[in-house]
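Note sheet for the following structure.
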Amino acid sequence: MSNEKIQHEIEQLRNEINHHNTLYYVLDEPQVTDQYYDQLLRKLQALETRSPEFLTADSPTQRVGAEIAEQFESVQHEVPMLSLDNAFDESEMLAFNKRLKELLSMETALQYSAEPKLDGLAVSLLYEHGKLVRAATRGDGRSGENITTNVRTIKSVPLKLNGTKVPQLLEVRGEVYMPLEGFRKLNERQAKNDNKVFANPRNAAAGSLRQLDPKITASRPLTFCSYAIAQCQGESLPDSQYAQMQLVKSLGLPISPYIQQLDSIQACFEYYQDIAAKRGSLAFEIDGVVFKLNDINQQQQAGFVSRAPRWAIAWKFPAQEVMTTLLDVEFQVGRTGALTPVARLDPVEVGGVVVSNATLHNMDEIKRKDIRIGDTVIVRRAGDVIPEVVAAVLKDRKAGFKQPEMPKKCPVCDSEVVQLEGQAAYRCTGGLVCAAQRKEAIKHFASRKAMDIDGLGDKLVEQLVDLKMIDTIADLYSLTLEQLSSLDRMAEKSAQNLLDALDRSKSTTLPRFIYALGIREVGEATALALANYFTDLASVEKSDEETLIQVADVGPVVAANIVHFFDQAENQQVIDTVLAAGIHWPPIEKPDDIDLPLKGTTYVITGTLQNYSRQQAAEILKKLGAKVSSSVSSKTTAVVAGDKPGSKVDKADKLGVTVLDEKAFEDLTGKKDD
Ligand code: IVH
């Protein structure tokens, strides 16, 4: 390919990727699969690796985080970053509205623009000629910290604005936050690696953004939502808050999907109730609703008082943390046999819901927080997250309160409970003997993202197992109308509906089926990767660990889980039975083998690397098309060696195989680690 052609292709790929970014992050209407998107990105990466002269800072590949900073530089805010006044009830909202009407000498109702108040950190983004040139924290409102390299790693922040009417200069303010799902996963990862567990998504977002090493920020699931324009030059702005936000959206910046214009303070009350009702099912935490005068002229007329504008207010939700008594601790058995301590609480209302159970996560957490039965405890409920016990109130503690102990025998099946080496979790060894594990496995199999068996909810599964109508997944497809209609509160019609749903679920996809099996640590993404790599079930079943780790997202632990799962005769039998019942899926076409830069090469990783775990390094190599092996042979392309490498380097030397240090590894892979 000529240089010109390469440059042209690079530009086209960037445009296409940016277009899909907008569809995904701003319009919430993705038109391609994640896989297709990744392919585009990798293709671009490959071209840029080959022709680094065409690499620019606003390329969508440049989100992995630059060099580690010594400290954050200070940034002066030309327009101060203000905070908001709070209201806690309708009377305070009425007072706010009245004050504004008097101030503006308005007889008629004021119009407001409303959106949820996100629980994250305020950030200012500065675009010059459409390019992101600076991002800063709020700091004290007059000056903040320059966090540009970190913010560049947040995928929903466009590095380049869209459209033909891009202002010469645009400063957008908004919130960086961490969605709940990402927060949960991050904390799981942190706990597993013995790192700090974050108390809530807000702290996690703050801790992730203020990292001197942008690579850490890049690995955290942060996202961004705009809520105001602070400065604009070179284009005129619409005269309402709402229209300004639509303009921001058209430039490719995400805004709240819940933003609305409201015609009166009464409409604000309804909006607040509506958002409060949605709160529990949102994918992120919010702590209230923000109302802003919609008319920009009126905003200017109203002006500011010290730290906050007079024209806006945050109506906060009531506290989500309450105190109650810890009555007892019981142990719940999950799908994989893990025993989770669950707090039985004196029932208490938190954020509008009565809570009588809360999770205590695991025994390490109980020890760390020193929680004892009888304690007064602080309970938190956040969004749709399971309520959790945050801490014990020590001043109320009486002598004789004892820490709960892990039982030696499973509370459900009486099998022995063991703690696996190096893991916080304790497990019941009962396997399929344990009714709790069987119930959870069936619930998982039936769930929406697995076989999606409509009508087979948790309660029904428990009933069916308790009545011994089913033992395992294998029995599901031989349930009869007679059996089902004999159940309490099950009319013949619903029984038939369930049979129909079971029948429909037989027509599925391979990724769903693999996910439905409930192999430990094989989530949806891994199931998809396995299906795409092997394209049929038999190949997954008979593959060994060495082959499995070639699959993106599969490391040695997951590979071992998969091999172990298919080694169990009972599991094989369950699979054979359900397949014989008629479960089927369309064949999988292997995605086009795109031209990856390291295709056809094999690497071995050994020793301790400074900036990556061996698994991270393996993922980077695999994404670039290389194979990763655990043993050195004459076919090995090179050995990547960190500190204390051991015998693999000796073997490489003997065979004349190249040995790369960490720097050479980074040069090879272009430091791409996301
Ligand atoms: S408007 C001048 N809108 O709340 C207007 N703020 O307590 C400034 N926040 O520092 C803010 N969601 O970080 C606005 N939809 C929203 C918001 C929001 C969250 C945060 C923001 C601000 C704090 C004020």
**OP:** Kindly provide the set of residues from region 66-93 that are under 29 Å from the mean Cα position of the chain (by Cα) and aromatic (Phe, Trp, Tyr), ordered by number.
**Re:** Phe72
Subject >> Tabulated pairs, region 85-107, first over 14 Å from Cys268 (Cβ atoms), second hydroxyl-bearing (Ser, Thr, Tyr), C-beta under 9 angstrom, 6+ apart or interchain >> reply: none
Subject >> Residue, farthest from Leu121 (Cα to Cα), within region 229-248, restricted to residues that are surrounded by 19 or more Cβ atoms within 10 Å (Cβ to Cβ) and in contact with a helix residue (DSSP H, G or I) (Cβ under 8 Å, 6 or more places away or on another chain) >> reply: Ser240
Original post:
If you check Leu222 against the conditions, is it farther than 25 Å from Arg138 by Cβ and touching a strand residue (DSSP E or B) at 6+ places or on another chain (Cβ under 6 Å)?
Top reply: no
**OP:** Can you tell me which residue among Thr669, Thr606 is surrounded by 19 or more Cβ atoms within 10 Å (Cβ to Cβ), polar (S, T, N, Q) and over 26 Å from Leu13 (Cα atoms)?
**Re:** Thr606
Original post:
Condition test on Gly174, is it in contact with a Cys (Cβ under 7 Å, 6 or more places away or on another chain) and crowded, with 20+ Cβ neighbours inside 10 Å?
Top reply: yes
Original post:
In region 177-198, how many residues are assigned to a loop (DSSP other than H, G, I, E, B) and loosely packed, with under 13 Cβ neighbours inside 10 Å?
Top reply: 4
**OP:** Considering each of Val418, Val389, Val393, Val433 in turn, give the residue that is surrounded by 20 or more Cβ atoms within 10 Å (Cβ to Cβ) and more than 30 Å from Ser494 (Cβ to Cβ).
**Re:** Val389
Original post:
Looking at region 1-108, what helices (runs of 4 or more DSSP H) fall wholly within it and have at least 2 residues that are closer than 22 Å to Pro221 by Cβ?
Top reply: 3-21, 34-50
Original post:
So, in region 206-242, of the ones that are among the hydrophobic types (A, V, I, L, M, F, W, C), under 16 Å from Ala135 (Cβ atoms) and at pLDDT 95 or above, which residue ends up nearest to the ligand (Cβ to nearest atom)?
Top reply: Ala228
**OP:** Can you work out which of the residues in region 302-311 that are in a strand (DSSP E or B) and of a type in the set (A, V, I, L, M) is nearest to the chain's Cα centre (by Cα)?
**Re:** Ala308
Original post:
Can we say Gly430 is of a type outside the set (A, V, I, L, M) and over 30 Å from Asp364 (Cα atoms)?
Top reply: no
Original post:
For the subset of region 75-122 comprising residues that are basic (Lys, Arg) and surrounded by 14 or more Cβ atoms within 10 Å (Cβ to Cβ), which member is nearest to the ligand (Cβ to nearest atom)?
Top reply: Lys117
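Yes/no matrix, rows are residues, columns are (1) under 25 Å from the mean Cα position of the chain (by Cα); (2) crowded, with 17+ Cβ neighbours inside 10 Å; (3) of a type in the set (Ser, Thr, Tyr):
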residue	(1), (2), (3)
Thr324	no, yes, yes
Phe331	no, yes, no
Arg335	yes, yes, no
Pro341	yes, yes, no
Arg344	no, no, no
Leu360	yes, yes, no
Subject >> Condition check for Gln572: in a helix (DSSP H, G or I) and either within 18 Å of Thr547 (Cβ to Cβ) or at pLDDT below 85 (or both) >> reply: no
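What number of residues within region 124-154 are more than 16 Å from the ligand (Cβ to nearest atom) and in contact with a helix residue (DSSP H, G or I) (Cβ under 7 Å, 6 or more places away or on another chain)?
Within region 124-154, residues that are more than 16 Å from the ligand (Cβ to nearest atom) and in contact with a helix residue (DSSP H, G or I) (Cβ under 7 Å, 6 or more places away or on another chain) number 4.
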**OP:** Return yes when Thr535 is polar (S, T, N, Q) and touching a Leu at 6+ places or on another chain (Cβ under 9 Å) and no when it is not.
**Re:** yes
Original post:
What tally of residues in region 622-665 results from selecting those that are buried (at least 18 other Cβ atoms within 10 Å of the Cβ), modelled with pLDDT of 90 or more and within 22 Å of Pro214 (Cβ to Cβ)?
Top reply: 3
**OP:** Run down Pro257, Pro201 and say which single residue is surrounded by fewer than 17 Cβ atoms within 10 Å (Cβ to Cβ), in contact with an Asp or Glu (Cβ under 7 Å, 6 or more places away or on another chain) and either within 30 Å of Pro318 (Cβ to Cβ) or hydrophobic (A, V, I, L, M, F, W, C) (or both).
**Re:** Pro257
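The values are calculated or read from the model by the stated rules, or taken from the named source; none is laboratory data. The structure displayed is predicted, hence computed values, not measured ones. Note that each Cβ is placed from the backbone with ideal geometry, even for glycine, and that neighbours are counted across all protein chains shown.
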